[in-house]
1. Greater than 25 Å separation of Cα atoms is the criterion. Which listed pairs, LYS8/LYS165; LYS8/LYS196; LYS167/LYS196; LYS12/LYS50, meet it?
2. Could you compute the FRET efficiency for GLN197 and LEU112, with r as their C-beta to C-beta distance and R0 at 45 Å, rounded to 0.05?
3. Ranked from highest to lowest mean number of other Cβ atoms within 10 Å per residue, what is the order of the peptides 67-78, 14-25, 172-183, 48-59?
4. Counting each DSSP H run of 4 or more residues in the chain as -39500 (n - 2.57), what helix-only mean residue ellipticity at 222 nm follows after dividing by all residues, to the nearest 500 deg cm²/dmol?
5. Per residue and in Å³, how big is the convex hull formed by the alpha-carbon atoms of the chain?
6. Note the angle between two axes, namely the Cα long axis of helix 97-109 and the longest principal axis of the Cα atoms of the chain, as a number of degrees from 0 to 90, rounded to the nearest 10.
7. Within the set of other residues whose C-beta is less than 12 Å from the C-beta of GLN17, count the net charge using Lys and Arg as +1 and Asp and Glu as -1.
8. Once the Cα atoms of helix 182-199 and of the chain are each reduced to a long axis, what angle between those two axes, in degrees from 0 to 90 to the nearest 10, is obtained?
Amino acid sequence: MRVYLASKNAGKRDEFQALLAGTGIELLEFAGYRDVVEGESDYAENAALKARALREQLLSAGIEAAVLADDSGLEIDALDGRPGVVTAYYGGAALSWPQRRKYVLDELALQLHPDRSARFVCYLHFIDEHGAETAVDASVDGTIATHDRGEHGFGFDPIFVYPAKQKSFSELSATEKNAVSHRRRAVSTLLHELRKQQTR
């Protein structure tokens, strides 16, 4: 099955490619994909918005195929769930990712004994070639490091520590991260839902 991903994020695209390897899903990129303006309150709504926009763009180009979109975020308990749904541009759209991570760590440093517990969340929205929609979500718990750790991954991965390994997502290999990440869990749930639908 051909599935187009609603994202221009190369790191995210590589992760989905790896997560879907061997599933029979061929993940494709639509060069003409135009980002949509996302809301600042709801992951599920944003994922649906992106998936529906890509589907419309594909249909306008004469392509009838399934689409997949995600909206993911980092939620830190001591920051009342921030960065949350605005994770991708928290602290200002002009910040680089190292600057964005520093912004978050500086916020935590202002607290005397901050609760460093956190979670990555992932909401997926899938639309098949006939227009039927499926939405799922998943999360993975962790803690926030005091500084960047590791060379892999992207985004907030260098400061998100996975407790079972006591390593940041950036210290894990791609294979290790993809075995436990929020996206892995969301993809597994989505594939399960799609299989259930096929048997109905």
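Just so it is clear, none of the values below were taken in a lab; they were calculated from the coordinates. As the structure is a computational prediction, the values presented were derived from the model and not from experiment. All Cβ positions, glycine included, derive from the backbone under ideal geometry; neighbour counts span all protein chains shown.
1. Flagged as over cut-off: LYS8/LYS165; LYS8/LYS196; LYS167/LYS196.
2. Once rounded, the FRET efficiency stands at 0.35.
3. 67-78, 48-59, 172-183, 14-25
4. The per-residue figure over the chain is -10500 deg cm²/dmol.
5. Roughly 120 Å³ of hull volume per residue.
6. Rounded to the nearest ten degrees, it is 50.
7. The answer is -1.
8. The angle comes out near 30 degrees.
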